[in-house]
Amino acid sequence: MNYKKLGNTDLDVSTICLGTMTWGEQNSQKEGFEQMDYALDNGVNFFDVAEIYPSPCRKETYGKTEKVVGNWFEKKKNRDKIILATKISGPGLTYVRGGGPQYTEKKISEAIENSLKRLKTDYIDLYQLHWPERKTNFFGKLGYVHKEDSNEWNDFEKVLTALEKFIKQGKIRYIGLSNETPWGLSKFLEISKIKKLPKMMSVQNPYSLLCRTYEIGLSEISIREKSGLLAYSPLAGGYLTGKYRNNNLPKNSRQKLFSDYYTRYSKPNASPIIEKYYNISKKFGLNFAQMSVKFCEIQKFLTSVIIGATTMEQLKINVESVSVNLTEEILKEINDVQIKHPNPCP
């Protein structure tokens, strides 16, 4: 396993992070336990959760994934071996604290306390804002259209001040962002410097061979400010494993079960591009999924790649990607495709 520092902290996190969002929906608690056991045994010390998981997110399953992780901690007595990340939901879900803006001190406090109970721990290593409160581009959208703010989102300084209180209480150690824009990250960093408030140590955004928009503006900030990317959807929801090639829909796959919910990577113009990347992997004798994950892992602006799996076979393939070597020749061929077909699935 490989490791990098989380931001400018002293935490060494594995460059493979175990994603958990299927536990409680596509995966049972028993399967979640098996995944966590295997990941830890193979050097993965970084787990990522969210209060609204599993996904697809709905009221009936809210909080189930955190409970699975908490039950594992309780059984294994190994909380100290894991760097644990979770997230507070952004606005828009009426079943989460009544909906509306979420990043007030009162709502953050409620969210943290409930996450701690479900996770059966007294601290969270990395606490992330799941998506912005303001109207902006997130979840990979392009084409920003400005709309005048309705003053319903919380001032960044107030958010940082509130989070600082919970850091001082020892309930969270560090903070990060998710689904954030260059403007959002830069403003948070600016305010933290000027006001001597906690720094955002990471940004959890989509990044893969099919979605490289992070490189445009956020990558430079991540490197210069030591606020690295936690890349989610490195396999583009499974499309970069090759399992959906030729319109195939494997039984119990995410697209078979939830195609109406997960539409980002099922764009009609994506299939021929996926095929080009697939052919590169075959040409060089690489597993397609491992090539796709490794491409993310080697980026200088990246801290960790969040992998999610519904089977142990998938998990093992993803974890073993750390041993793959992408030569300059392979990278050139990958980048040649990107130049001709940039970001087919933003």
Determine which single condition PRO91 fails, assuming it passes every other condition in (1) at pLDDT 95 or above; (2) of a type outside the set (A, V, I, L, M); (3) in contact with an Asp or Glu (Cβ under 7 Å, 6 or more places away or on another chain). (1)
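So which of PHE166, PHE188, PHE156 ends up being within 21 Å of the chain's Cα centre (by Cα) and not basic (Lys, Arg)?
Working: PHE166 fails: within 21 Å of the chain's Cα centre (by Cα); PHE156 fails: within 21 Å of the chain's Cα centre (by Cα).
Sole residue among the options that is within 21 Å of the chain's Cα centre (by Cα) and not basic (Lys, Arg): PHE188.
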Out of LYS168, LYS120, report the one residue that is out of contact with any helix residue (DSSP H, G or I) (no Cβ under 9 Å at 6 or more places or on another chain), over 25 Å from ARG224 (Cα atoms) and of a type outside the set (Val, Ile, Thr). LYS168
Positions within the stretch 316-343 being open to solvent by less than 20 Å² (accessible area, probe 1.4 Å) and under 26 Å from GLY143 (Cα atoms), in sequence order: ILE334, VAL337
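For SER89, indicate whether it is within 16 Å of the chain's Cα centre (by Cα) and of a type in the set (Gly, Ala, Ser).
Working: within 16 Å of the chain's Cα centre (by Cα): yes; of a type in the set (Gly, Ala, Ser): yes.
It is true that SER89 is within 16 Å of the chain's Cα centre (by Cα) and of a type in the set (Gly, Ala, Ser).
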From LEU240, LEU235, LEU230, LEU209, grab the single residue that is in contact with an Asp or Glu (Cβ under 8 Å, 6 or more places away or on another chain) and either within 28 Å of TYR265 (Cα to Cα) or hydroxyl-bearing (Ser, Thr, Tyr) (or both). LEU230
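Every residue, every condition in (1) among the aromatic types (Phe, Trp, Tyr); (2) out of contact with any Leu (no Cβ under 8 Å at 6 or more places or on another chain); (3) touching a residue at least 12 places away in the same chain (Cβ under 8 Å), yes or no:
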site	(1), (2), (3)
ILE273	no, no, yes
TYR278	yes, yes, yes
PHE284	yes, yes, yes
SER292	no, no, yes
THR303	no, no, yes
MET312	no, yes, yes
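The values are calculated or read from the model by the stated rules, or taken from the named source; none is laboratory data. The structure presented is a predicted model; accordingly, all values stated were derived computationally and were not measured. Counting neighbours? That spans all protein chains shown, and the Cβs are built from the backbone with ideal geometry, glycine included. Note: accessible area is taken over every heavy atom of the protein model, side chains too, but ligands, DNA and RNA are not part of it. Shrake-Rupley method; radii C 1.70, N 1.55, O 1.52, S 1.80 Å.
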